Amino acid sequence: MRVVSGIQPTGKPHLGNYLGAIVNYVKLQDEAHAAGGECFIFLADLHAISQPHDPAELTQNTREMVATLVACGVDPAKTVLFNQAQVPAHAELQWLLTGTARMGWLNRMTQWKDKAGKNREGQSVALFAYPVLQAADVLLYQATRVPVGEDQKQHLELARDIAQKFNNDFCAEDAPLFTLPEPYIPPTAARIMSLRDGTAKMSKSDPSDMSRINLTDDADTIMKKIKKAKTDPEPLPDTEKELEGRAEAQNLVGIYGALAGRSVADVLGQFGGQGFGAFKPALGELLVDTLAPINARFRELKDDQEALDAILARGASQAREAGSATLSGAYRALGLVR
Ligand code: TYM
């Protein structure tokens, strides 16, 4: 079992990142550790330069993201925790895979279409090639399981397509180089939506801070954001079926269920028939209780630059070692003399 996943150190990590991905980093880290497998979690800093960014902010966000992940339970003793920039094999393998990836495949990526909008000509080459780097990230470590939110599913399917084509084109049938990675998408919370618009994903790039719960928000801010969250005038229904078409209600009930480790049906069993005036304070308190210890731990860790850099340096050295055989295999398969 090889667990591999990444998160961009841009902006503040939010509840969508937490419930959609980070809780599963921790869950799979522990499962892998118990089963004698391995877990690699990295900060996708090379991905972060695909869009306009402030270099000083990127440096600070990178350290803060390490502190956040550790505060959430990613344990550097069980997980190889690092940033891409310290492991050149990610960029190298990406280039080797650009010979296999097809323009048409990348053109179909919904994230490329969303981010580029109408201005494709003005985008960086990095934004277009972004999913090839993502494929390199997981294929380098022969990932078997990749914990991600729903929005990364298409990128992982592309990683499988690239792996398969490379294996077909350059490897003997009985000796494929790359393992095909399986996405691990949580059944609930795979897509946490904005608190202001139940049809838009909760996102670091939303200009309104009221649209998301940041993992570093304090109790008052969380309660205020939940109180102001968009809803509809109806009370909560008794069944999951009746939530359909009520995007905001569905999102809040889903968040409650994911935080409490309970099914949506179970949550509705408790709150069905009640209005948001009763449900929202309960949700706010559950959020505060979940995030308070993470917040406290984050504050302890975030200013110890030396300790954070040491975690990354150690992780990077383990990652360089772990990826070296696959990288050499890719050079060899392509006939490149080294
Ligand atoms: P990023 O940094 O946008 O998000 C990190 C993780 O959080 C999940 N996520 C969500 N899940 C549920 N609801 C939401 N609203 C929500 N928003 C974000 C994402 O699905 C992701 O799992 N391209 C990736 C980073 C990456 C990567 C990789 C991931 C680079 N290489 C290799 C996996 C494997 C990204 O930008 O994630």
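The values are calculated or read from the model by the stated rules, or taken from the named source; none is laboratory data. Quick caveat: nothing in here was measured; it's all calculated off a predicted structure. No Cβ is skipped: glycine too gets one built from the backbone with ideal geometry, and neighbour counts run over all protein chains shown. The protein model used for the area step is the full one, side chains on, heavy atoms only, and it has no ligands, DNA or RNA in it. Shrake-Rupley method; radii C 1.70, N 1.55, O 1.52, S 1.80 Å.
Percent of Cα pairs in the range 1-104 per distance bin of 5 Å, from zero to the largest separation: 2, 12, 21, 20, 19, 14, 9, 3, 0.
Placing unit charges on the Cβ atoms of the charged side chains and taking the dipole of the chain about its Cα centre, the candidate lying farthest along the positive direction among 236, 323, 18 is 323.
Output the antiparallel fraction of DSSP beta bridges having both residues in the chain, as a percent to the nearest 5. If you can, show how the numbers build up before the last one.
Numbers: 2 of 16 bridges.
In the chain, DSSP labels about 10 percent of beta bridges as antiparallel.
Here the spin labels are modelled as points 7 Å beyond Cα on the Cα-Cβ line, and at residue 49 and residue 75 they lie 3.5 nm apart.
Quote the Stokes-Einstein diffusion coefficient, in whole µm² s⁻¹, for the range 209-300, based on the Kirkwood radius over alpha carbon pairs, a temperature of 20 °C and a viscosity of 1.002 mPa s.
Working: Rh = 13.6 Å.
Translational D for this selection: 157 µm²/s.
Within the accessible area of the chain, the carbon and sulfur atoms contribute 50%, probe 1.4 Å, all protein chains present. For the range 92-133, the percent of C-alpha pairs falling in each 10 Å distance bin, counted from 0 to the bin holding the largest distance, reads 29, 55, 16, 0. Annotation for residue 157 and residue 260: the two label points, set 7 Å from Cα along the Cα-Cβ direction, are 3.4 nm apart.
Check each of the chymotrypsin sites (Phe, Trp or Tyr not before Pro) in the range 226-323 and keep only those in coil by DSSP with at most 14 other C-beta atoms within 10 angstrom; list them in order.
Working: sites: 256, 271, 276, 279, 298; in loops: none.
Taking the range 226-323 and a limit of 14 other Cβ atoms within 10 Å, no loop chymotrypsin sites (Phe, Trp or Tyr not before Pro) are found.
Direction-averaged shadow area of the convex hull around the Cα atoms of the range 150-309, nm²? Its average projected convex-hull area is 13.7 nm².
When you count, for each residue, the other Cβ atoms within 10 Å and take the mean per peptide, how do 53-59, 160-166 rank with the highest first? Walk me through the numbers on the way to the answer.
Numbers: 53-59: 11.6, 160-166: 19.0.
Top of the packing list down: 160-166, 53-59.
The modelled label-to-label distance for the pair residue 300/residue 111, using points 7 Å beyond Cα in the direction of Cβ, is 3.3 nm.
Once the convex hull of the C-alpha atoms of the chain is built, how many Å³ does it hold per residue, rounded to a whole number?
Numbers: hull volume 51.1 nm³, N = 338.
Spelled out: Cα convex hull of the chain, divided by residues, is 151 Å³.
Measuring with a 1.4 Å probe in the full set of protein chains, what accessible area per residue, in whole Å², belongs to the chain?
Values: 15540 Å² over 338 residues.
Roughly 46 Å² per residue, with all protein chains present.
Each pair of Cα atoms in the range 16-168 enters the Kirkwood radius, and Stokes-Einstein at 4 °C and 1.567 mPa s then converts it into a translational diffusion coefficient of 79 µm²/s.
Centre-to-centre separation between the Cα atoms of the range 93-153 and those of the range 233-261: 33 Å.
Which order do the peptides 229-240, 92-103, 17-28, 1-12 take when ranked by the mean count of other beta-carbon atoms within 10 Å per residue, highest first? Walk me through the numbers before you get to the answer.
Details: 229-240: 15.1, 92-103: 17.1, 17-28: 23.2, 1-12: 21.7.
In decreasing order of mean packing, 229-240, 92-103, 17-28, 1-12 become 17-28, 1-12, 92-103, 229-240.
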